[in-house]
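All remarks here apply to the structure that follows.
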Amino acid sequence: MEFVEKRLTQRAKRGDREAFAELVEIYKDKIFQLAYRMTGNRQEAEDIAQETFLRVFANLHSYDESYKFSTWIYRIATNLCIDRSRKKRPDFSLDQEAEGTEGLDWYSRLSSNDKTPEQAVMTQELQDTVQGALSQLSPKYRSIMILRYIEDLSLQEISAVLQLPITTIKTRIHRGREALRNKLRFM
Amino acid sequence: MECRESRLLIHEFLDGDIDELANRRLQEHLWSCSECRRHKHELQKTIALVQSTSHVHAPADFTQRVLAQLPAPTKMNLVSLWLKRHPFIAAAAVFLLLMTSSLVASWFESDQMLQVSSNDFDQLQVDRQRKVVVVPEGAVVTGDLIVRNGSVEVQGTVEGNVVAIDGKVFTASTAQIAGDVESIEAIIDWIWYQLKNIGNDLLPFAP
């Protein structure tokens, strides 16, 4: 996989758009997922994900191939997410209200296959609760928890993405876990 | 073990970087302390909940929309793309470019010094003041005589070509020149002369 990515990034660097499109295909779900969990909003997540890939394209020439491509793209996406949440802190609560209606359509589509409506609603409630708990974390903790437990990155990878020492990552994961536990312990 | 220490070790345990001794002490403590046991259980449940959030996918047309927003390919890109598709023409173009540029360069590189190239220097009289190279009467020069930045006055015999670059060739009535006489004054002539030479080298049987 890494070899394929290396080839693709080299081709994309030389202006090969087909190679770039393949990179988008490989990473679009991961990046969209990260942005969605960071913002809790589909439209915003899509904007951020698009912006991430446009920045990747514009900065391919400065991408250092000695690092993993995934590290680089996660860094761009995480920074974009954190910047956004900084800018729009005032109407944060409004967002959370809108979230429920917006997510409903999406989740019901996702889980409609093999579950009874009741189960689907249960799952939906649970999903909302988890998303709500994540949203209440400050962005720097939220991003780390998402990278660790939703994107499934190792502590080393997160440390490389955020360019922070691994001890800092560990401390934040500990605190993030405790904060989430306070919200989710009664589920 | 105190519960404070146990809480720290629980996190190390969850990160998978607890050492064996500490782990054994933690397990002993958890066995006896229901409070810490519950705490650990809640943390593990929390992780499981976050991990179990359904995986969302980017919209189906996501990639197309990203590609549509990319800046239009620059002229440079288009040129390099075209070159990639037509490698032979590209190679020919590069060859031509290099050749003409080296020819032009060789024209400009030469300074205004009088330069003479011949096999028999001792047969020549060089007048640096007037920038004239004289082949005196009775002298025999074997091979070509090429003079740059000056004129040639031939009174004797040259068994080859006489070429004056940026100069003129004067021949006296006594002159005997076996080869061609050429005086080259303009850059186009220079290039033409070089091309002709290359042609002659490549096609030895050409008239």
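The values are calculated or read from the model by the stated rules, or taken from the named source; none is laboratory data. None of these values were measured; they are calculated from a predicted model. Positions of Cβ are generated from backbone atoms using ideal geometry, with glycine treated the same way; all protein chains shown enter the neighbour counts.
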Identify all residues within the stretch A:16-38 that are at the interface with another protein chain (Cβ under 8 Å from one of its Cβ atoms) and over 30 Å from B:LEU78 (Cα atoms); write none if there are none. A:ASP29, A:ILE31, A:PHE32, A:GLN33, A:TYR36, A:ARG37
Does B:ASP17 fit the bill of being within 56 Å of the chain's Cα centre (by Cα), surrounded by fewer than 17 Cβ atoms within 10 Å (Cβ to Cβ) and more than 10 Å from every other protein chain (Cβ to nearest Cβ)? no
Within the stretch B:123-162, the count of residues that are surrounded by fewer than 15 Cβ atoms within 10 Å (Cβ to Cβ) and among the hydroxyl-bearing types (Ser, Thr, Tyr) comes to 1
Helices (runs of 4 or more DSSP H) fully within the stretch A:84-187 counting 2 or more residues that are modelled with pLDDT under 55 and away from chain B (no Cβ under 11 Å): A:92-111, A:117-136
Can you tell which of B:LEU67, B:LEU81, B:LEU43 is of a type outside the set (Phe, Trp, Tyr) and closer than 19 Å to A:VAL56 by Cβ? B:LEU67
Considering residues that are surrounded by 13 or more Cβ atoms within 10 Å (Cβ to Cβ), hydrophobic (A, V, I, L, M, F, W, C) and either within 18 Å of A:ARG55 (Cβ to Cβ) or at pLDDT below 85 (or both), the number found within the stretch B:53-80 is 5
Hits in the stretch A:39-51 (condition: more than 9 Å from every other protein chain (Cβ to nearest Cβ) and either of a type in the set (Asp, Glu) or surrounded by 15 or more Cβ atoms within 10 Å (Cβ to Cβ) (or both)): A:THR39, A:GLY40, A:ASN41, A:GLU44, A:ASP47, A:ILE48, A:GLU51
Only one of B:THR100, B:THR142 is touching a residue at least 40 places away in the same chain (Cβ under 8 Å), polar (S, T, N, Q) and away from chain A (no Cβ under 14 Å). Can you tell me which? B:THR100
All-but-one check, B:VAL50 against (1) surrounded by 13 or more Cβ atoms within 10 Å (Cβ to Cβ); (2) more than 7 Å from chain A (Cβ to nearest Cβ), failing number (2)
Counting only residues that are in a strand (DSSP E or B) and more than 38 Å from the chain's Cα centre (by Cα), the stretch B:106-157 contains a total of 15
